[in-house]
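Undergrad: Sharing a structure with you now.
Every read-out reported here was derived from the displayed coordinates using simple, explicitly stated rules and does not represent laboratory data. On a predicted model such as this, the values are computed, not experimentally measured, just so you know. Cβ placement follows ideal geometry from the backbone for every residue including glycine, while neighbour counts extend to all protein chains displayed.
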């Protein structure tokens with residue numbers, strides 16, 4: 001079977017610019033890389049040593065000071081610090097605030113991208129964005145709650161000041177879907193040497209990286225879950241297979257296509273991926289089972305988490321009805337485990353796949369690693 005693979009131009013531009021290794025976790029201390037162990041032995045032995053002991057499983061903050069973005073998307077350090085500065089004015093009482101209320105019918109990935117458009121609008125208008133009371137009401141576990149239930153505050157300004165100085169709220173994305181704040185656009189254009197869609201994709205990565213920082217309670221829950229999961233060894237190829245009701249927005253890609261792309265990557269780069277370890281996340285139990293069978297036949301080590309999934313994938317109207325945090329925390333864990341891998345196969349018509357692609361360039365130093373596109377990039381809601 002032949003498949004079409006595409007490494008988008010913005011990745012190629014990033015690869016040309018990125019050298020060296022620099023892991024950062026938006027916290028004050030950059031830990032040494034954790035030692036890798038086998039799938040069988042890489043499990044926690046006590047509550048203070050969750051696997052892996054790396055940047056991903058600590059509450060995310062700003063990157064440490066530095067002039068370089070080795071391994072990250074260009075200007076990531078500057079962009080994250082600048083967003084933080086804009087969202088945390090010296091005098092909160094003099095600021096004007098805009099409340100984000102998310103987007104009707106959106107899952108987690110889509111919500112973060114929509115709210116990223118709200119962030120662009122706020123910055124462009126000299127406003128400070130804050131979580132609205134119902135900003136995460138459409139995501140699993142959100143019920144009628146704010147995204148602050150899962151993520152760090154967008155601004156550290158006091159809640160009473162935000163409420164008193166709020167100029168309004170915003171929901172949906174159509175009006176600002178292609179907006180990149182002028183100062184950010186001017187900064188990145190000469191670096192990427194383009195004025196096209198790569199600029200918007202870069203902004204989406206930066207906004208998602210800022211908004212998706214897990215709060216202490218969420219991170220503690222995710223860390224606890226991680227202790228019960230198998231290792232994602234060095235050289236692992238990760239795939240996220242989105243099925244369910246996503247067929248309304250893009251052509252669904254079958255597990256065999258992902259597996260073929262991973263196999264081709266292992267053949268082309270045997271020194272990197274010759275151990276043939278395949279980590280799969282999906283909303284579909286069928287996709288997981290099929291991928292496991294394909295990996296076994298091909299001699300691959302297969303890694304997946306045992307979490308609740310729909311038989312053929314999630315249907316949003318059913319998934320968002322969940323009232324507990326369990327589903328949300330399970331899938332945030334899947335996101336972080338995917339970032340432990342060293343290469344990825346996916347289709348960025350899926351917002352979750354885009355989050356993986358974006359955060360590997362903002363949260364961890366893997367922007368120069370390989371991402372293989374197996375879907376119809378233009379066929380999905382890729383650059384809305």
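Undergrad: At 0.36 nm per residue, minus the direct Cα-Cα distance, what do residue 78 and residue 264 gain on full extension? Give it in nm, one decimal, please.
TA: Taking 0.36 nm per residue and subtracting the Cα distance, the gain is 63.3 nm.
Undergrad: As a footprinting exposure proxy, order 207, 169 by other Cβ within 10 Å, with the fewest listed first.
TA: Listed from fewest to most nearby Cβ atoms, that is 169, 207.
Undergrad: With 10 angstrom as the radius, rank 202, 300, 78, 344 by how many other C-beta atoms surround their C-beta, starting from the fewest.
TA: 78, 300, 344, 202
Undergrad: For segment 72-213, count all C-alpha to C-alpha pairs, find those more than 24 Å apart, and express that count as a whole percent of the total.
TA: Here the long-distance tail beyond 24 Å is 27 percent of all Cα pairs in segment 72-213.
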